[in-house]
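The values are calculated or read from the model by the stated rules, or taken from the named source; none is laboratory data. Just so it is clear, the model here is predicted, and its values are computed rather than measured. Cβ coordinates were reconstructed from backbone atoms using ideal geometry, including for glycine residues, and neighbour counts include every protein chain displayed. When the accessible area is computed, the model is the full protein with side chains, heavy atoms only, and any ligands, DNA or RNA have been set aside. Shrake-Rupley method; radii C 1.70, N 1.55, O 1.52, S 1.80 Å.
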Protein chains: 2
Amino acid sequence: MWDRLIECVPNISEGRRRDVVDKVAYAADGPGRKVIDLSMDPDHNRSVITIVGQPEGLLEGILALAKEAAALIDLNTHRGEHPRMGAVDVIPFIPVRGVTMADCIDLSRRVGERIARELSIPVYLYEESATSDARRNLATIRKGEFEGFAEKITLPQWRPDFGQAKIHPTAGVVAVGAREFLIAYNINLATADLSVAKEIARAVRFSSGGLRYVKALGFPLAEKGIVQVSMNLTNFKKTPILRVFELVKREAERRGVMVIGSEIVGTVPREALYDVARMALQVRDFSHDLILEERIDDARIDDARIEDASGEDR
Amino acid sequence: MWDRLIECVPNISEGRRRDVVDKVAYAADGPGRKVIDLSMDPDHNRSVITIVGQPEGLLEGILALAKEAAALIDLNTHRGEHPRMGAVDVIPFIPVRGVTMADCIDLSRRVGERIARELSIPVYLYEESATSDARRNLATIRKGEFEGFAEKITLPQWRPDFGQAKIHPTAGVVAVGAREFLIAYNINLATADLSVAKEIARAVRFSSGGLRYVKALGFPLAEKGIVQVSMNLTNFKKTPILRVFELVKREAERRGVMVIGSEIVGTVPREALYDVARMALQVRDFSHDLILEERIDDARIDDARIEDASGEDR
């Protein structure tokens, strides 16, 4: 595996025409990066593409994807339930392994600068890459959507971070940024009473007094006759999954309700599962050196370095 | 990483002469296998070498190691606390990834056959590779040690599985077999009362009525003023770590004692930690597909196969 690894999850404004989505997504493939997932949503008319790679490979891949999206998607005729402002609507970079958040911020700025210059699409930097607090939140930037942006972009406070104050006529504008890995995590409760799920969601989410990096809603799972606390964990390093699970379980117990089980939607970084194991077992001196496969990977990385070095000497 | 991975942990009867241990251990290095750990014990005059690799690579590596050990170690002059019967005393193969126990048994037989034929060292198959129940247990085979084996090997019931009924004059005999990964796992208790650790060890270990794949002893940690339940988990797939931890914790609580923490000695397979996370979070439909890095590895393995295939076509 690559030793420096960043994930990128561009959202594009097309979720119905399979051929278009395929062309846009696989435009990103190439040396040093790889499309690993593709999820189309026809109702939202939107697709989420997951690409992983080394920083340099990813830079070229994302530029190719943005170029293809601008060529094939026209926002003037796009309809869908999900708010959107661009053909490529949002491009987040996420540190996975051997890189820091600073590396992802740096990459987002380089990608943003080149999208503006080479494709004439104005770029807003958001989340960790934002140039002011007012631009951290994607929903705030996107307000007004594609239809409103021709005017919004001319306002002094909405001057783009890269490119001219003029939308691309068909591809609109795009938000590029860096953020932590987001884990979609649901816990199912042994009751049909929706108010229990809603109360627990309120108790654990940040916005109403709960844990800092938890967003939560209560939902009914009608076909199963139970309810679910559906969550986004936006920083598993600072608000670990096990703590969230235990808090939800405790809140459910307080209401006389059992936890049936939990589910991870999409993917979870290995590190987040190691954290669960470390906490559940109360392991004091946990390190990657304890894990057999990490030692093997390290040995092989050392190997590659030795081979590289000897190659240079010859 | 290699997609088919076996671990081998040969124990050799030399733990004092660093140069000899290095020569024997690194004789195993080569294409398709890698020495990842080396632990010398001068009191026992014994060293434990950890090698991982693909089956074919490992076969050649272990033969080279056994040959070097037979050349450099003479059991006639060897003294140490640990019982031993050969220059290479025991060679266990352990399935790690993409292989079954049957693959490891097969490999142990091929290695055993070649050691007997090429190095004239008689071989006993043990544990999962044993040809009869009487030969499963290593301690039973080793009884009498090097000094007693010249006679023991002539008994009909101790005829070796490979090779003649005659010990190698300096290298003795060797046990080769397959077994599950062994996790060395300790739990520290907030008491100085050794009887608590001993009672809990008795409660959780197989031999006195506890869990099937747990060996346990109670020890004092004098310098810290606490006690420890020290365990070997011999099959984490059937007796998972979290269940062991929770049982020890419950038994400690029953005696009014808190668990301070736990520690993993040596290495633990990634799979065992995934199991802890899965159980602690009550995740119902857990699969490797949920783990970001596993998806990346799979994508890269697919890649390699595609490249291989296209290479053949050209």
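Results, tabulated for the structure shown:
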read-out	value
Residue-count net charge about residue B:285 - beta-carbon cut-off 12 Å; Lys, Arg +1, Asp, Glu -1	0
Chain A: DSSP helices with Cα axial extent of at least 18 Å and average Kyte-Doolittle hydropathy no lower than -1.0	A:55-72, A:101-119, A:241-254
Total accessible area lost when B and A pair, probe 1.4 Å, Å² to nearest 100	4500 Å²
Set of lysines near residue A:238 by C-alpha distance (under 23 Å), chain-local residues within fewer than 8 positions excluded	A:215, A:249
Residue closest to axis [chain A; rotation mapping onto B; Cβ; Å]	A:280, 2
Fluctuation leader among A:91, A:200, A:260 - chain A, Gaussian network, Cα springs under 10 angstrom	A:260
Low-density loop positions, trypsin sites (Lys or Arg not before Pro), region B:55-116 - DSSP coil, at most 14 other Cβ in 10 Å	B:79
Sulfur and carbon atoms: percent of accessible area, chain B [1.4 Å]	48 percent
Per-copy distances of the residue B:297 label point, shortest first, in nm (7 angstrom along Cα→Cβ)	0.8
Long-range amide H partners of residue B:14 with built H, under 5 Å	B:46, B:47
Accessible area of chain A divided out per residue, in Å², using a probe of 1.4 angstrom	45 Å²
Within straight-line cross-link reach of residue B:67, lysines at Cα separation under 30 Å, skipping those fewer than 8 residues along the same chain	B:23, B:34, B:143, B:152, B:166
